[in-house]
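Everything on this sheet refers to the single structure shown next.
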Amino acid sequence: MIRQEDVYKIGVIGKPHGIHGELRLHFDDDIFDQCEAEYLILDMEGILVPFFIEEYRFRSEETALMKFCDIDNEDAARRLTGVEVFFPRSIAEASSEHLSWAQIVGFSLIDSATHTRIGSIESVDESTINLLFEVKQEEGQNLLIPAHAELITAIDKENKTIEMNIPDGLLVL
């Protein structure tokens with residue numbers, strides 16, 4: 001069984017393309033530039049299911065036309081519309097020294113000044129000029145922490161932690 005902590009979200013399935021089961025994959029991660037996988041993981045009503053890739057080609061920088069094995073017609077492809085797509089962490093980590101922003105979701109954020117755990121990175125907000133980590137604290141509160149590379153002092157992929165110099169005033173409640 002595939003567990004949520006073994007994968008990370010890379011996109012969502014869009015509308016079918018043509019009548020032979022090809023579909024649009026809208027992705028927000030550059031994993032396709034870093035490594036290849038024989039399959040992607042789709043969230044089918046809460047169950048993570050591997051779908052083997054027959055072929056794919058890029059349509060734009062954020063869209064690929066994807067053909068999965070055994071998805072051979074428009075109706076089968078249409079049933080996948082809106083389904084979230086995940087990538088196996090083990091393949092991504094084995095193939096690349098660098099982590100994408102999507103891969104660090106779920107990592108613990110550590111304050112390098114005090115060596116205390118701030119919380120878990122829930123998402124990475126790339127919608128503004130300043131990249132932000134959305135961090136959920138154990139008390140349930142969410143913090144927005146600037147994710148500037150100069151603030152990051154260490155990344156431990158094995159223990160899934162990121163150590164940062166957190167700017168003064170951000171942790172004051």
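Numerical summary
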| item | result |
| --- | --- |
| Members of the stretch 3-59 found to be more than 20 Å from ASP72 (Cα to Cα), in contact (Cβ under 8 Å) with a residue 60 or more places away in the chain and not charged (D, E, K, R), listed by number | VAL7, TYR8, ILE10, GLY11, ILE31, GLN34, CYS35 |
| ILE41, sole failed condition from (1) among the hydrophobic types (A, V, I, L, M, F, W, C); (2) modelled with pLDDT of 90 or more; (3) over 13 Å from TYR8 (Cβ atoms) | (3) |
| Subset of the stretch 148-162 [under 14 Å from VAL105 (Cα atoms), at pLDDT 85 or above and either among the acidic types (Asp, Glu) or surrounded by 13 or more Cβ atoms within 10 Å (Cβ to Cβ) (or both)] | ILE155, ASP156, LYS160, THR161, ILE162 |
| Failed criterion for GLY106 (all others in (1) over 18 Å from ILE31 (Cβ atoms); (2) modelled with pLDDT under 95 hold) | (1) |
| Pairs with Cβ under 6 Å, 6+ apart, first in the stretch 71-91 and more than 14 Å from HIS17 (Cβ to Cβ), second in a helix (DSSP H, G or I) | PHE87/ILE31; ARG89/ASP6 |
| Qualifying strands (runs of 3 or more DSSP E) (wholly inside the stretch 113-163; at least 1 residues being polar (S, T, N, Q) and out of contact with any His (no Cβ under 7 Å at 6 or more places or on another chain)) | 116-125, 142-146, 152-156 |
| Every residue from the stretch 109-146 that is open to solvent by 30 Å² or more (accessible area, probe 1.4 Å) and over 26 Å from ASP29 (Cβ atoms) | ALA113, THR114, HIS115, THR116, GLU138, GLU139, GLY140, GLN141 |
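The values are calculated or read from the model by the stated rules, or taken from the named source; none is laboratory data. Values in this document were obtained by computation on a predicted structure and should not be read as measured data. Methodologically, a virtual Cβ is constructed for each residue, glycine included, from the backbone with ideal geometry; neighbour enumeration extends over all protein chains shown. Each accessible area value is taken on the protein alone, full model and side chains, heavy atoms only, with ligands, DNA and RNA left out. Shrake-Rupley method; radii C 1.70, N 1.55, O 1.52, S 1.80 Å.
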